Amino acid sequence: MRRRISGTAASAAVLALLTPLAGCGGAAGGGGDGTLRLVAAEYGDSAATSSKAFWDKVTTEFTAAHPGVKVEVQLIAWADIDREVSRMVKAGKAPDMALMGAYSDFAAQGKLYSADELLSVTAEANFLQPLAEAGSVGNTLYGLPFVASSRLLFYNEGLFTKAGVSAPKTWSDLKAAAKALKDKGVKFPYAMPLGPEEAHAEAMIWELSNGGGYADSSGNYSLASDQNIQTFRWIKDNLVTPGLLGPVPPAQLNRADAFAAFTRGEVGMLNGYPSLAHEARAKGITVGTVAMPVNDNLGSGEVPPTVGVADWMMAFKQRGHRAEIGRFLDFLYQDKNLSEFAGRYHLLPSTVSGSRTPAGGGGIDNNDQQFLTALRGAQLYPVNDPAWVTVSDTIKRNIGRAVEPAGDPKAVLEDIASKANDAAKNR
């Protein structure tokens, strides 16, 4: 029997820094009863963009306001943090808090404080609704959303002008635009990153645009639904076979490489999030953004949700610092702090008050407002299912096979679904 899941949840939204850094008094291994230990993902990609500066500032200000409590922060690369925090927990050395891409496995083990044990009623009610739903197991909020983003289709306006095409609204529009771009010598008419870095994002975007997705209306995994099989058959027949996806097979193209190619002006279209738009514009690329084109046969007036992603703050019970953690999180989630962090990395704050436009006193860049609008109605990954970590890894490592020249989309999706159901049963 399939595990019942919610249709929302999240994953990480930024690239990892490969070298762990420590701030505010050292790594997470020390500290007495007056010290809180936070392990956080590193959002920067160099010393100049490291998250360390933010955490140094916010923890210093917090300790000045609460002299009896010190906060030590350890930064770990995105590629390593899930594994490292899991190792700490298994070793009986859980930090007080962790900021990372998944939380539900720890919640299922009873190791986390719930939001109502930590935050004021006002603070808990301030989270954007799709994110609050994604952070909840049952009706209890355990994963506190920190920053988020949504995905839109990006296109290089200069390349589109040269090819004589406009922004696509349907799959057939996208195919026609890709063909025109190819005829003009564009290296990647459409960049489709189905490599293991983040294939589950690209796959879900396409599935939703055909009325499919990872879960059905009852909240059960539906990875091999008729809509999903049809989606990957269309991609294979209409984009892969005609050679419209560029010189790198989708299963071998990772998100970071696709994004880098976009900023070099080598990509006509791809799915992206706010920070990519800023990076591309800084390189002189004129970026257009639209909602993901939909299957031409989708019902009239049916508007699929966009894909949203978020990162999660969680608080562990092991060291018993509930009151101190609550005071720190109430401080951290103040609009000025949340908006400052989101602004550094062109992400979206997770709260209603923090996500107001600059005119309204919040920190959202006017260029990012469209992503916030999309996030409000977005569907997120089902990370609130404890099996999602295993399921997403299965998708990432296998979905690219569905569009290989000799691949069988139906067989590949059914294989993924079988492995996902096994993972759910074993939780």
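Using per-residue counts of other Cβ atoms within 10 Å, averaged over each peptide, order 161-171, 394-404, 189-199 from highest down.
Highest mean packing first, the order is 189-199, 394-404, 161-171.
Since only P249, A280, M292 are under comparison, the one whose Cα sits farthest along the positive direction of the charge dipole of segment 242-308, derived from C-beta charges on Lys, Arg, Asp and Glu, is A280.
Taking 0.692 mPa s as the viscosity and 37 °C as the temperature, the Stokes-Einstein diffusion coefficient of the chain based on its alpha-carbon Kirkwood radius rounds to 149 µm²/s.
By accessible area, using a 1.4 Å probe on protein heavy atoms only, segment 68-189 has 48% of its surface on carbon and sulfur.
Taking the chain as a Gaussian network of alpha-carbon nodes connected by springs under 10 Å, the highest mean-square fluctuation of the residues N156, N295, N366 belongs to N366. Checking the a/c ratio against 1.5 first, then a/b against b/c, what shape does the Cα gyration tensor give for segment 283-427? Here segment 283-427 falls in the oblate category. Under 10 Å, Cα contacts only: if you run a Gaussian network model on the chain, which one of H200, H321, H66 comes out with the highest mean-square fluctuation? Highest fluctuation of the listed residues: H66. Using only side-chain charges placed at the Cβ, +1 for Lys and Arg and -1 for Asp and Glu, the dipole size of the chain relative to its Cα centre rounds to 380 debye.
In straight Cα distance, which aspartates and glutamates are under 15 Å from K52, not counting same-chain residues fewer than 8 positions off? Counting by Cα, and skipping residues close in sequence, K52 has these aspartates and glutamates nearby: E42, E61, E72, E340. Could you compute the FRET efficiency for D296 and N139, with r as their C-beta to C-beta distance and R0 at 60 Å, rounded to 0.05? Here the calculated transfer efficiency is 0.95. The modelled label-to-label distance for the pair K169/R281, using points 7 Å beyond Cα in the direction of Cβ, is 2.5 nm.
Based on DSSP H runs of at least 4 residues, each adding -39500 (n - 2.57), what is the mean residue ellipticity at 222 nm of the chain after dividing by all its residues, to the nearest 500 deg cm²/dmol?
On the way: 16 runs with 158 residues, N = 427.
Rounded to the nearest 500, it is -11000 deg cm²/dmol.
Quick one: which of K396/K419; K182/K283; K57/K90; K236/K410; K182/K410 span more than 19 angstrom between C-alpha atoms? Distance filter (> 19 Å) returns K182/K283; K57/K90; K182/K410.
Excluding ligands, DNA and RNA, the accessible surface per residue across the chain is 39 Å² with a 1.4 Å probe. Solvent-accessible area of segment 241-308 (1.4 angstrom probe, protein heavy atoms only): carbon and sulfur portion equals 50 percent. For V294, the amide hydrogen comes within under 5 Å of the amide hydrogens of T170, W171, counting only partners 5 or more places away or on other chains and with H modelled in the peptide plane. Between G158, G212, G272, the residue with the greatest mean-square fluctuation in the GNM of the chain (Cα pairs under 10 Å linked by springs) is G158.
The values are calculated or read from the model by the stated rules, or taken from the named source; none is laboratory data. Here the structure is a predicted model, which is why all the values come from computation and not from measurement. Here the Cβ is made from the backbone with ideal geometry for all residues, glycine too, and neighbour counts use every protein chain on show. Side chains are part of the model used for accessible areas, which takes the heavy atoms of the whole protein and leaves out ligands, DNA and RNA. Shrake-Rupley method; radii C 1.70, N 1.55, O 1.52, S 1.80 Å.
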